[in-house]
Amino acid sequence: MLSKLASYETVDVIVRWRNREIRQRTTLQRAAGSLLGAIGPTSGCPSTAPLKAMAWFHWPFSSSDETIYRSLGTYLLAQFLKQKRGMAPDWALTGLREVYRNLRLVNLAMAARLRAAAEEDSSVNGLILLDLLAADTLYSLDQYEGELDAFFQEHLQPPAD
């Protein structure tokens, strides 16, 4: 059905997940991108599997800042859990960068497949929007410019004497 609809069409979306309901009037491409963001990590693909915990706590229609926050928080929590089990944690986030580089490759390959199968652009553009979030997250990991600092001012102040 999505293959015959234009990405810019407005849709009313209702997401019901774990005793929560989220309603959003948005474009079809944004709805498709959000859905793909939840499905990808649970699909069995080894490149998206590291994001499975994020899928469990998926937040539909996330902004770039929300995605960066959830990505970093999820990965750092995983490192804490690894350390608690005697495993070597990755506090430098090297593995997270690799996850997002691989995710971008998966997204590009999936976009090519969707383009070949679709009459319209809604699912392809949805994947492209999802990939833009991945690209932005990867950029923020590589070139952090303080996007989240404002939320952590209490933690970033020098200790009082």
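The values are calculated or read from the model by the stated rules, or taken from the named source; none is laboratory data. Because the structure is predicted, anything quoted here is derived from the model rather than measured. In this analysis, Cβ positions are derived from the backbone assuming ideal geometry, glycine residues included, and neighbour counts consider all displayed protein chains.
Residue count for the range 145-161 satisfying the condition of being of a type outside the set (D, E, K, R), in a loop (DSSP other than H, G, I, E, B) and over 20 Å from Leu51 (Cβ atoms): 5. Being closer than 17 Å to Ala38 by Cα and modelled with pLDDT of 90 or more is a condition met by no residue of the range 137-153. Within the option set Leu96, Leu141, being within 18 Å of His58 (Cβ to Cβ) and under 21 Å from the mean Cα position of the chain (by Cα) holds for one residue only, Leu96. Looking across the range 29-52, just one residue is surrounded by fewer than 19 Cβ atoms within 10 Å (Cβ to Cβ), in contact (Cβ under 8 Å) with a residue 60 or more places away in the chain and part of a helix (DSSP H, G or I), and that is Leu35. Looking only at the range 91-110, decide whether some residue is farther than 29 Å from Glu9 by Cα, polar (S, T, N, Q) and in a helix (DSSP H, G or I). There is at least one residue in the range 91-110 that is farther than 29 Å from Glu9 by Cα, polar (S, T, N, Q) and in a helix (DSSP H, G or I). Filtered by the rule that a residue be of a type in the set (S, T, N, Q) and at positive phi, the range 1-60 gives a lone residue, Asn19. Counting only residues that are surrounded by 14 or more Cβ atoms within 10 Å (Cβ to Cβ) and part of a helix (DSSP H, G or I), the range 53-72 holds 11 of them. In the range 98-136, the qualifying residues are those that are surrounded by 18 or more Cβ atoms within 10 Å (Cβ to Cβ) and polar (S, T, N, Q), and the one that is modelled with the lowest pLDDT is Ser122. Candidates are the residues of the range 14-25 that are surrounded by fewer than 17 Cβ atoms within 10 Å (Cβ to Cβ) and under 22 Å from Val124 (Cβ atoms); the one that is nearest to the chain's Cα centre (by Cα) is Gln24.
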